[in-house]
Every structure is written in structure tokens, then in C-alpha cells.
Amino acid sequence: METAGTTSAPLATIASLAQHDGQTVTLRGWLYNLRSSGKLLFPTFRDGTGTIQGIVPKAAVPEALFNTLKELQLESSLMVTGKVRADARAPSGFELDVESLEVISAVSADQPFPITLKEHGVDFLMEHRHLWVRTPRQSAILRVRATIMRAAAEYFDTNGFIRTDPPILTPNACEGTSELFEMDYFDNDKAYLTQSGQLYIEATALALGKVYSFGPTFRAEKSKTRRHLTEFWMIEPEIAFAGLDDLLELAENFLSHIVARVLESHRGDLTVIGRDATKLEAIKAPFPRISYDEAHAMLEDAFSKGLIETQHKAGDDFGSPDETYISSQFDRPVMVHRYPAAIKAFYMQPDPADPTRALCVDVLAPEGYGEIIGGSQRVDSYDLLKRRIEEHNLPLAAFEWYLDLRRYGSVPHAGFGMGIERVVAWICGLDHVRETIPFARTLNRIYP
RNA sequence: UCCUGAGUAGCUCAAUGGCAGAGCAUUCGGCUGUUAACCGAAGGGUUGUAGGUUCGAGUCCUACCUCAGGAGCCA
């Protein structure tokens, strides 16, 4: 440890410096950047709450302080003491007149911090994700992510939902379609990482009324797009005695709450990220609701006007370009409901008004971010559910416990799942979900 | 799995089939208000791998590897 001067002032964080104008404080953090102009040094410090520029005139500080700082490599850890001073030239409005500096761990010039302030490629940044998270933009995104996760849980916690987390190790495919990560489960069994807790929280919903789960989800799909991770976080509410309309109302209030919380406490972070906050200010319930058939008609119209390249076939699911077009027609998330039952999961309740349609909803985020929520009212009839399982060629024995939920006091119930990373990408205006989670797991990357 | 594109200095990128280059980073020097500071200098290369065409290949051809983002699939 190398000391240049003494550090004995009260501790402060960079985010709180406005409250310390004129006072001498000590910051604990890292050297983020260092500029010099002859006998003036301009170090920028970061401490996880923000960055601030210090100023070190050679004539006004001990020689040891000036020389130590001058040779310090970026990302060296340190304690710095100085006087907080409002200055119109500083981006944050404040600067630090450095009085003393204690180097905690100096970075070697032989191996300088690899991430510079210049541009880097995706491969390099992902290979150095453990260091990339130190940069202001990435830190800001992770702070917003934390608020989104907290606001999501908070919404359910304060609206009568009980958190009941389903198992992560499961014995079989929940939906029987997606690719699963498989592993040995002791001697003679296989286990799979969960791809949705939905079936399990249907059980807890019939026990506790309103429940939700919040945890990681795994999909071994070979998807290579800006919207996919193999490991992502999903929050899923499930409600007994509820139908599709209840679900739509829940979804719009839920999302509005999350966006409001982010706007409440992350204006600065959104600026660092480069997100236009006015786009988010429009996100207030109610959200537009359109049926699958109305969405199809929109696509037909767009195709005839040459606004989209491929024609949507009635009855087919929407592709990514379709979803992008539909969502681009609205300034807030659009809720598309009543898809054809044939292209949806076996557990979705048919619409009594038209049994070829399912009582389901996809919520598409604006600005081309695509599906952030998928949900449905669940089949509550034992006979229908059993028939659906058979029609989908799923192993009946594995679903006996699920059928029990219809044998013993079945009620109409509904729920949805929301992918946290897609919501973070949308709210932050990012072009890829890999920046929304501390360590993204994708098809071609599991390091670091 | 399919389609498309990219691999050159630590990083970001140039280089008509004809001497391997720049900016940043690092080192040295200069500058008292810099905001990805700037100015001067130095060091730094198995051009993804293996073949092939050619007098000559970073450049053209073949195969492979890695990565990217789009389709499909999904949140």
C-alpha cells in the first residue's frame, strides 16, 4: 500500500457528493481516467455510484501525491480525500480538489486495464465481461436491472401475491416443446433445468390464491439473436379465480408500475445509458388491446402497402418482423390476445366464443423489442386437459399430478411469465439482451 | 439446423495481387482547465488454421475453426 498524504475525512459516495459541497470527504474507489495538462492532473474516480473528476495542481499539493497519481494506471483501487467544490465545467456539477491519496492496489503498466475508453468489439467485451461491468454504462444498466427486479417483486408483494418458487430441477419438460438442459440425477434418473415454473405455480395458486415465482429459467434452444439467452430470469404470477381479462389488467398495471419506479430513481442512469426517458413516460395503463385477428389484418394492410416484406399467413404465429411492425404502431406495449389454439400450448383455455381461439395474450414491447410477456387462462376441465395432453403426445403419467389440480377443486385460473432481460433491454433501449444481465449465457459463450 | 457477414499490433480498424499501416493503449518528452484532452518520439506483427493458384497472397480458390446477427423457436 502506497500512501501519499493522509486520509482521515468522513467517507462519502460519489452519488452523494452534492450533499457535501464545500466539505472535505474521503472516497473509496478506482481510477477511471487520467488526463493531464502540464502541471495539472485531472483524474476521474469511480466508486460504483458514479464518477467524479478530481483536480490536482502540482503547485498546490505535496510532490509525492502528484507523482504517485501521475504514474497510476487506470482501474487502480484507491482512497482519495479532497474538497468537494461545485463547478459549472463539471458534467455532474461537482469536482474534487484532491488533498491526499492512498493507493490500495496499483495496476501494473505491464498489464494495463484492457478496456479503454475507446470502442471495443462485442467478442472482446464479452470475453472481458468481468471487467466490462466496471464501465459507467454497464454499471448503470445493472442498477436499472436491480430496480426492475425489485419493482416487479414489490408489485406482487403489495398486491396480495405470495411468492412460491418452483423447483429448478425438474423431471420432465413442462411444455414438451423447447430444448432442455439435461443432467444425471443420481443413479438411474435424468433431471432437467426448468424452462418455466408455470405448472408448479398453478398448484400453489390453488393452495394460496394469488402467487408468483421469480427465478432463473433455462432454454437449450440454439437461438442466436439479440433477444435470446440460454439462462434468463422470469417472473410469473398465477391467480386462482381469474380469467384472461384479469390477466390483461394485471399485465398493464404491473408494467406501468415497473416503468414508473425506474423513472422515479434512475434519470441519471438512463442518461448515461443514452435512453430517451420521454419514451418511457408514455408507458401508463391502459395499454392497447388487439385480437390476433386484428393484428393479422394490420399485417395484411401493411403488406399491401409494401411496409413489410413478407406476407403473414392467417393462422400462423407471428414472426419477429411481424411483431416489430405491430408493436411499432403503438407508443406503449400492445397486448395481442386470442391466438389460434392450434399454435399455442396445450394448457391454454379455449375461448368459449370461438373454441379455435385460445384465451391467451402476448405483450409486445414498443420500438421493436418484441414479446416481453406471454400468458393465458389455463384449461380447468379435467377431461379437456387430459385430451390435450394425449393430442400433444405427452406422457400422461408425468402429468398425473398436474391433472390432480383439475380432479380436486379446479377453478378458472390464469397467469403469465415475463422475461426480465427483455424488459431491461426495452426500458434501457439496448440493442442486445447480453448487456442486461451480469454474466450472459448464450449459445456460443459460457465464459467468464 | 439454414442464410449472411467478419477474423491483420493488447484494442478499434486501413492496406488496386507488388516494402505490414494509422488511432488508442504502453514507455519517454512537452503543455496550468482537460472532458474518449492534445502535441512529439519509441517499442509492439506466425495477417484465425491447413492446403492450393501465382514470379509474388493480408488480398484470389478450397476446406475447417471462431465470432457476429438474421431465420426458425421462444420470454
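The values are calculated or read from the model by the stated rules, or taken from the named source; none is laboratory data. Values in this document were obtained by computation on a predicted structure and should not be read as measured data. Here the Cβ is made from the backbone with ideal geometry for all residues, glycine too, and neighbour counts use every protein chain on show. These area figures cover heavy atoms from the full protein model, side chains too; ligands, DNA and RNA do not enter into them. Shrake-Rupley method; radii C 1.70, N 1.55, O 1.52, S 1.80 Å.
When you check residue A:380 against the structure, is it free of Cβ contacts under 8 Å to residues at least 40 places away in the same chain and of a type outside the set (Lys, Arg), yes or no?
Numbers: free of Cβ contacts under 8 Å to residues at least 40 places away in the same chain: yes; of a type outside the set (Lys, Arg): yes.
Answer is yes for this residue.
Give me the residue from segment A:288-306 that is open to solvent by 60 Å² or more (accessible area, probe 1.4 Å) and either within 15 Å of RNA strand B (Cβ to nearest atom) or touching a helix residue (DSSP H, G or I) at 6+ places or on another chain (Cβ under 7 Å) (or both) and, out of that set, nearest to residue A:251 (Cα to Cα).
If we take residues in segment A:288-306 being open to solvent by 60 Å² or more (accessible area, probe 1.4 Å) and either within 15 Å of RNA strand B (Cβ to nearest atom) or touching a helix residue (DSSP H, G or I) at 6+ places or on another chain (Cβ under 7 Å) (or both), then A:289 is nearest to residue A:251 (Cα to Cα).
Residue A:443 versus (1) open to solvent by 40 Å² or more (accessible area, probe 1.4 Å); (2) at positive phi; (3) within 12 Å of RNA strand B (Cβ to nearest atom): which is the lone unmet condition?
Looking at each condition in turn, residue A:443 falls short on (2).
May I ask you to verify whether residue A:398 is within 16 Å of RNA strand B (Cβ to nearest atom) and either under 28 Å from residue A:190 (Cα atoms) or at pLDDT 95 or above (or both)?
Numbers: within 16 Å of RNA strand B (Cβ to nearest atom): no; either under 28 Å from residue A:190 (Cα atoms) or at pLDDT 95 or above (or both): yes.
Taking the combined requirement at face value, the residue does not satisfy it.
Can you pull out every residue in segment A:352-377 that is more than 30 Å from residue A:429 (Cβ to Cβ) and in contact (Cβ under 8 Å) with a residue 60 or more places away in the chain? Walk me through how you get there before you give the answer.
To start, the set of residues in segment A:352-377 that are more than 30 Å from residue A:429 (Cβ to Cβ) comprises A:352-359, A:377.
Once the filter is applied, which keeps residues that are more than 30 Å from residue A:429 (Cβ to Cβ) and in contact (Cβ under 8 Å) with a residue 60 or more places away in the chain, segment A:352-377 yields A:357, A:359, A:377.
So residue A:132 clears everything in (1) crowded, with 17+ Cβ neighbours inside 10 Å; (2) touching a residue at least 24 places away in the same chain (Cβ under 8 Å) except one condition, right? Which one?
So residue A:132 meets the others, but not (2).
Given (1) out of contact with any Pro (no Cβ under 7 Å at 6 or more places or on another chain); (2) modelled with pLDDT under 95, where does residue A:39 come up short, assuming only one miss?
So the condition that residue A:39 fails would be (1).
Can you pull out every residue in segment A:98-151 that is of a type outside the set (A, V, I, L, M, F, W, C), within 8 Å of RNA strand B (Cβ to nearest atom) and more than 30 Å from residue A:424 (Cα to Cα)? Spell out the reasoning first.
From segment A:98-151, those of a type outside the set (A, V, I, L, M, F, W, C) are A:99-100, A:102, A:105, A:108, A:110-112, A:114, A:116, A:118-121, A:123, A:127-130, A:134-139, A:143, A:145, A:147, A:150; that's our starting set.
If we keep only those that are within 8 Å of RNA strand B (Cβ to nearest atom) as well, we get A:110, A:112, A:114, A:116, A:118-121, A:123.
Those that are of a type outside the set (A, V, I, L, M, F, W, C), within 8 Å of RNA strand B (Cβ to nearest atom) and more than 30 Å from residue A:424 (Cα to Cα): A:110, A:112.
If I go through segment A:261-306 residue by residue, how many of them are hydrophobic (A, V, I, L, M, F, W, C) and outside any helix (DSSP H, G or I)? Step through it out loud before you land on a result.
Start the filter on segment A:261-306 by keeping residues that are hydrophobic (A, V, I, L, M, F, W, C), which leaves A:262-263, A:270, A:272-273, A:277, A:280, A:282-283, A:285, A:287, A:290, A:295, A:297-299, A:302-303.
When the remaining residues are screened for being outside any helix (DSSP H, G or I), the result is A:282-283, A:285, A:287, A:290.
Residues that pass the stated criteria total 5.
What residue, of A:191, A:203, A:207, is more than 30 Å from residue A:353 (Cβ to Cβ), crowded, with 17+ Cβ neighbours inside 10 Å and more than 16 Å from RNA strand B (Cβ to nearest atom)?
Numbers: A:203 fails: more than 30 Å from residue A:353 (Cβ to Cβ); A:207 fails: crowded, with 17+ Cβ neighbours inside 10 Å.
Within the list A:191, A:203, A:207, the selection yields A:191.
How many residues does segment A:14-40 contain that are assigned to a strand (DSSP E or B), within 15 Å of RNA strand B (Cβ to nearest atom) and surrounded by 17 or more Cβ atoms within 10 Å (Cβ to Cβ)? Step through it out loud before you land on a result.
Residues of segment A:14-40 assigned to a strand (DSSP E or B): A:24-37, A:40.
Filter again for within 15 Å of RNA strand B (Cβ to nearest atom), leaving A:30-37, A:40.
Then keep just the ones that are surrounded by 17 or more Cβ atoms within 10 Å (Cβ to Cβ); that gives A:30-32, A:34.
Number satisfying all stated conditions: 4.
Could you tell me whether residue A:91 is closer than 21 Å to residue A:19 by Cα and modelled with pLDDT under 95?
On the way: closer than 21 Å to residue A:19 by Cα: yes; modelled with pLDDT under 95: yes.
For residue A:91, the condition - closer than 21 Å to residue A:19 by Cα and modelled with pLDDT under 95 - is met.
Checking the structure you have, find out if any residue of segment A:62-85 is β-branched (Val, Ile, Thr), under 26 Å from residue A:143 (Cα atoms) and within 14 Å of RNA strand B (Cβ to nearest atom).
yes
Does at least one position in segment A:360-379 carry a residue that is assigned by TED's automatic domain parsing to the domain that holds residue A:409, crowded, with 19+ Cβ neighbours inside 10 Å, at positive phi and modelled with pLDDT under 95?
The answer is yes; a qualifying residue exists.
Which residue is nearest to RNA strand B (Cβ to nearest atom), if the candidates are limited to segment A:308-337 and must be farther than 23 Å from residue A:255 by Cβ, open to solvent by less than 50 Å² (accessible area, probe 1.4 Å) and of a type in the set (Gly, Ala, Ser)? Write out each step before concluding.
From segment A:308-337, those farther than 23 Å from residue A:255 by Cβ are A:308-316, A:319, A:321; that's our starting set.
From the residues that got through so far, the ones that are open to solvent by less than 50 Å² (accessible area, probe 1.4 Å) too are A:308, A:312, A:315, A:319.
With the extra rule that they be of a type in the set (Gly, Ala, Ser), the set shrinks to A:315, A:319.
Numbers: A:315: 12, A:319: 3 Å.
In this case the residue turns out to be A:319.
Residue by residue through segment A:399-440, note down the ones that are among the small types (Gly, Ala, Ser) and open to solvent by 30 Å² or more (accessible area, probe 1.4 Å).
Going residue by residue through segment A:399-440, those that are among the small types (Gly, Ala, Ser) are A:409-410, A:414-415, A:417, A:419, A:425, A:429, A:440.
Of everything in segment A:399-440, those that are among the small types (Gly, Ala, Ser) and open to solvent by 30 Å² or more (accessible area, probe 1.4 Å) turn out to be A:409, A:410, A:429.
Can you find even one residue in segment A:338-352 that is open to solvent by 30 Å² or more (accessible area, probe 1.4 Å), touching an Asp or Glu at 6+ places or on another chain (Cβ under 8 Å) and at pLDDT 95 or above? Quick ask: steps written out before the conclusion?
From segment A:338-352, those open to solvent by 30 Å² or more (accessible area, probe 1.4 Å) are A:338, A:342-344, A:349, A:352; that's our starting set.
With the extra rule that they be touching an Asp or Glu at 6+ places or on another chain (Cβ under 8 Å), the set shrinks to A:338, A:343, A:349.
From what's left, at pLDDT 95 or above: A:338, A:349.
Checking segment A:338-352: at least one residue is open to solvent by 30 Å² or more (accessible area, probe 1.4 Å), touching an Asp or Glu at 6+ places or on another chain (Cβ under 8 Å) and at pLDDT 95 or above.
On the given criteria, is residue A:395 over 16 Å from residue A:142 (Cα atoms), crowded, with 17+ Cβ neighbours inside 10 Å and touching a residue at least 40 places away in the same chain (Cβ under 8 Å)? Let's see the steps before the verdict.
Numbers: over 16 Å from residue A:142 (Cα atoms): yes; crowded, with 17+ Cβ neighbours inside 10 Å: no; touching a residue at least 40 places away in the same chain (Cβ under 8 Å): yes.
Answer is no for this residue.
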